[in-house]
Amino acid sequence: MRRRRYELTARFYDLVSLERPVYRVGREAGIAALGLRTGDRVLDVGCGTGLNLPLLRAAVGPSGAVVGLDASSAMLRQAHVRIRRHRWTNVTTVLGDAAETPPTIGEPFDALLFTYTLSVMDRWRQAWSRSLALVRPGGRIAVVDLGLPTGRWRLLAPLAWLACQAGGADPYRRPWQALTRTTADGSHEVFRAGHVHVAAGSSPCG
Ligand SMILES: C[S@@+](CC[C@H](N)C(=O)[O-])C[C@H]1O[C@@H](n2cnc3c(N)ncnc32)[C@H](O)[C@@H]1O
């Protein structure tokens with residue numbers, strides 16, 4: 001099971017995740033596309049070890065709120081280390097399956113963020129629709145996820161495929177299309193030769 005993989009690897013995730021050379025760029029672009037303002041409430045779905053948390057906390061400031069949801073208690077333990085280190089009082093986590101929406105999550109949110117998670121989740125379509133219900137009308141949503149390099153970079157596809165296998169991600173799922181299909185103002189950017197996709201838009205309920 002994909003979730004079990006993260007229970008086992010949580011302690012090493014930040015070290016082996018190729019964050020700086022490969023994946024950080026998508027995280028930064030996705031968060032920038034949310035257009036967060038001071039005081040906003042943002043939900044980080046599948047927050048993992050909390051690599052997004054410093055950027056989200058900086059964007060919403062001390063008067064905002066950041067909630068990280070994850071199904072892995074081991075990943076959340078790493079996120080808590082980060083939260084404690086920074087003494088953030090407005091960054092919290094919820095343990096639960098995004099496909100089931102834990103009742104303690106609180107709503108509505110001004111923004112939703114999915115970084116490298118929808119390609120990993122077992123019931124990602126259910127997680128997607130449940131999460132959409134938690135964002136206010138007109139709220140911002142960003143999806144950052146993985147594909148395989150194409151065109152002249154397709155020689156790198158086996159490497160990208162291996163990276164996806166290591167993380168349990170399905171590189172053929174293309175979850176960002178769920179966002180670009182349902183929003184009138186959707187944007188889509190591609191980084192790392194087609195390996196990293198970033199889509200953003202406003203809540204379709206808006
Ligand atoms: C590749 S990691 C990405 C973590 C983080 N978003 C990041 O950008 O580093 C995928 C995360 O999704 C979480 N996850 C998988 N299935 C989930 C589900 N159904 N509900 C909530 N979280 C889930 C895993 O526990 C893991 O922390």
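Each other residue within a Cβ distance under 12 Å of Leu146 adds +1 if Lys or Arg and -1 if Asp or Glu, for a net charge of +1.
Remark: the stretch 2-199 carries a charge dipole of roughly 360 debye about the Cα centre, counting +1 on each Lys and Arg Cβ and -1 on each Asp and Glu Cβ. Database remark: amide H of Val94 closer than 5 angstrom to the amide H of Gly68, Leu69, Asp70 (H placed geometrically; neighbours at sequence offset of 5 or more, or on other chains; Pro and chain starts carry no H). A viscosity of 1.306 mPa s and a temperature of 10 °C, combined with the Kirkwood radius over Cα pairs in Stokes-Einstein, give a translational diffusion coefficient for the chain of 94 µm²/s. Summed over qualifying helices (DSSP H, 4 residues or more, each -39500 (n - 2.57)) and divided by its residue number, the chain shows a 222 nm mean residue ellipticity of -11000 deg cm²/dmol.
Expressed to the nearest 5 percent, the antiparallel share of DSSP beta bridges inside the chain is 40 percent.
Counting other Cβ atoms within 10 Å as a rough exposure proxy, the listed residues Arg24, Arg57, Arg152 run Arg152, Arg24, Arg57 from fewest neighbours to most. Between Trp153 and Asn90, the C-beta separation translates, for a Förster distance of 30 Å, into a calculated FRET efficiency of about 0.15. With contacts taken as Cα pairs under 8 Å and at least 6 residues apart, the chain reaches a relative contact order of 21 percent. Projecting the Cα atoms of Thr38, Leu15, Gly26 onto the charge dipole of the stretch 2-56, computed from C-beta unit charges around the Cα centre, puts Leu15 farthest toward the positive end.
Read the figures in this text as sums done on the coordinates, not as results from a lab. These numbers were taken from a predicted model, which means no experiment stands behind them. Using ideal geometry, Cβ is built from the backbone for each residue, glycine included, and neighbour counts are taken over all protein chains shown.
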